[in-house]
C-alpha cells in the first residue's frame, strides 16, 4: 500500500466520524434546548468550543446565535469540521483511493454527500434540520457497517479503523470537557439547576444513555457519568475502549513501536487517574482533558511520521 493511500483512508475515516459526531451533538443540543424552561439559558457557544473552532467561527460570524452556530456546524464548507465540510473532505479522500475500497462504499459516500448538499443547498432551513441530521447519522452508520462487512482485513481496513478511533477519542474528550465545565459543583453546596438533565445530554451526545443505564443501574449522576465515559471497557464510545482498540489496530502494522507507545501512555494516564477526583473538581478534569488532547496530538504525529510520507512521496507502507 502506498503511503498516500493509507493517509487518505485515515483521513476519510476521521472525517466520517467527525460528521456523525457533530450531527449527534447538534441534534442532542437542539432537543436539550426544548427541555429547558424559558427562564433557563443554555448558550449555543458551547458547541463552537467543543469543536475547537472559536477562531474560525469569529472570522466569519459576529454573533453566536442559534442560526449562525447551526449554519457553521452543519453547512459551512469553509470549515472542514462542519457536517457538509467533513462529508466533502471524506468524499474527496475516498475518490482518490477508490481502487482499494468496495464500490458500495464509494457509492454510499457519494450519495450521502449529494443528498445532504441538496437539503441545505443555501441557508439553513430549521424545518429540515432534523431530517438532515437523521440522514447524516444513518448514512455514517451505514458506511461503518459496509466497511465492517465488505472490506478485507488488510492495511486499508486498519488505517480506516485507526482514523475512526482516534477521531472518536478526540470528540469524547471535547464533549466531556466543555459540557461538564458548568455541571460539576465547585463546592458541596453548589448545585447547578437542571444538572441531571444536562448530564443526560452529555451521555446522549455520545449515544451512551441507554448503555449507561444498563451498566450503572443508578440515576444519572456526574461522577458516574465521568467514570463511565472515561473508563468503561465495554462501551464502544468510552475513551478506554477507543484507545484499547486503537492500540490493537496499530499493533498489527509494521514499525508501530512509537505509535503504540504513545497510545500506551494515554492508557496509563487513564489507569492512574482517579475518576472520582476528576468528577469532584472541574478544574482538575479540564487539566486532565488537556493532557489527553496533547496525547492525541502525539499519537497523530507518530502515525504521520511513521507511515505518511505525503501525497507526493508514494513510499510503500507494507511490503509484499
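The values are calculated or read from the model by the stated rules, or taken from the named source; none is laboratory data. Predicted model, so just to flag it, every value in this text is computed and none were measured. With ideal geometry, Cβ positions are generated from the backbone for all residues, glycine too; neighbour counts draw on all protein chains shown.
Mind listing whichever residues of the stretch 135-162 are touching a residue at least 12 places away in the same chain (Cβ under 8 Å), in a helix (DSSP H, G or I) and over 15 Å from the mean Cα position of the chain (by Cα)? Within the stretch 135-162, 135, 139, 142, 143, 146, 147, 150, 155, 156, 158, 159 meet the criteria. Just to be sure, is residue 83 touching a helix residue (DSSP H, G or I) at 6+ places or on another chain (Cβ under 9 Å), touching a residue at least 12 places away in the same chain (Cβ under 8 Å), over 25 Å from residue 50 (Cα atoms) and buried (at least 18 other Cβ atoms within 10 Å of the Cβ)? So residue 83 does not fit the description; no. If you check 183, 176, 191, 206 for being surrounded by 15 or more Cβ atoms within 10 Å (Cβ to Cβ) and modelled with pLDDT under 65, only one passes: 183.
Restricted to helices (runs of 4 or more DSSP H) entirely inside the stretch 211-320, those with at least 2 residues that are at pLDDT below 85 are 222-231, 275-280, 282-307. Scanning the stretch 102-109 finds one or more residues that are out of contact with any helix residue (DSSP H, G or I) (no Cβ under 6 Å at 6 or more places or on another chain) and either under 24 Å from residue 235 (Cα atoms) or modelled with pLDDT of 90 or more (or both).
Within the stretch 67-78, residues that are on the phi < 0 side of the Ramachandran plot and part of a loop (DSSP other than H, G, I, E, B) have Cβ atoms under 7 Å from residues that are modelled with pLDDT of 85 or more and crowded, with 17+ Cβ neighbours inside 10 Å in these pairs: 75/82; 75/84; 76/82; 76/85; 77/84; 77/85; 77/88, counting only partners at least 6 apart in sequence or on another chain.
Across the stretch 18-33, not a single residue is classified as surrounded by fewer than 19 Cβ atoms within 10 Å (Cβ to Cβ) and either at pLDDT 85 or above or outside any helix (DSSP H, G or I) (or both). Just need a number here: residues in the stretch 35-66 that are in a helix (DSSP H, G or I) and modelled with pLDDT under 70. So the answer is 1.
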